[in-house]
């Protein structure tokens with residue numbers, strides 16, 4: 001049961017579990033993983049005598065990483081601002097979750113195009 | 001199988017009309033939502049690692065035959081894509097279960113993913129050890 005532990009809700013400004021910070025760092029870690037994938041994608045796209053198609057796909061992977069990072073950064077800011085104000089942190093919006101997931105799927109699709 | 005399909009279609013509706021999520025049940029303690037968010041991100045990193053593995057196979061095993069290299073790379077990329085989609089689906093289902101005060105939905109996915117990754121790893125070891133002969 002949610003919230004059934006009997007403990008009072010955390011007072012504003014005090015977060016014993018550092019939930020907000022842990023979540024922010026989780027977003028940062030995820031962006032870093034996405035950066036590694038983007039670097040590998042560009043490396044693949046630029047190997048011996050790249051075709052213009054391969055270069056376009058490499059550029060698309062960079063754009064996807066930028067979109068991913070922008071979404072992640074917006075969420076990090078949202079969490080940071082809410083915890084600085086001591087207001088309730090709104091849960092992640094579904095479109096944001098779907099968008100970062102679709103960025104990953106699109107990068108995988110680019111990888112398949114480059115591999116074949 | 002059929003209820004599972006209906007469940008997936010229901011979730012898809014939720015994907016495209018997310019305002020319905022906020023109408024259900026009560027908003028849970030934000031700490032639970034953030035924990036769910038971090039779990040989603042951990043799954044997303046798993047997906048990114050698989051996608052990165054696909055790129056790495058394509059890049060760093062040039063000695064492999066074309067078929068094996070492309071097959072292994074595409075397998076890893078496809079598993080990564082499925083993992084990323086599943087991450088959102090799981091996040092939505094957990095969020096909804098928390099709003100309704102229900103138990104979190106059971107899942108077979110981690111076991112399946114473990115088996116698939118083990119299989120890909122095994123194939124990769126065999127292919128790399130046999131090298132040019134494979």
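The values are calculated or read from the model by the stated rules, or taken from the named source; none is laboratory data. Here the structure is a predicted model, which is why all the values come from computation and not from measurement. Virtual Cβ from ideal backbone geometry, glycine too; neighbours counted across all protein chains shown.
Is it true that some residue in the range B:85-98 is at the interface with chain A (Cβ under 9 Å from one of its Cβ atoms), over 18 Å from residue A:99 (Cβ atoms) and in contact (Cβ under 8 Å) with a residue 12 or more places away in the chain? The answer is yes; a qualifying residue exists. Give me a count of the residues in the range A:81-105 that are more than 17 Å from residue B:93 (Cα to Cα), surrounded by fewer than 17 Cβ atoms within 10 Å (Cβ to Cβ) and facing another protein chain (nearest Cβ under 7 Å). Number of matching residues: 1.
Return the only residue of A:17, A:3 being at the interface with chain B (Cβ under 7 Å from one of its Cβ atoms), under 25 Å from the mean Cα position of the chain (by Cα) and at pLDDT below 90. Let's see the steps before the verdict.
Values: A:3 fails: under 25 Å from the mean Cα position of the chain (by Cα).
On inspection, the qualifying residue turns out to be A:17.
In the set A:114, A:64, only one residue is surrounded by 17 or more Cβ atoms within 10 Å (Cβ to Cβ), in a helix (DSSP H, G or I) and facing chain B (nearest Cβ under 8 Å); that residue is A:114. Tell me which residues, restricted to the range A:38-61, are free of Cβ contacts under 8 Å to residues at least 12 places away in the same chain, in contact with a helix residue (DSSP H, G or I) (Cβ under 8 Å, 6 or more places away or on another chain) and within 13 Å of chain B (Cβ to nearest Cβ). Listed by number, the residues that qualify are A:40, A:43, A:47.
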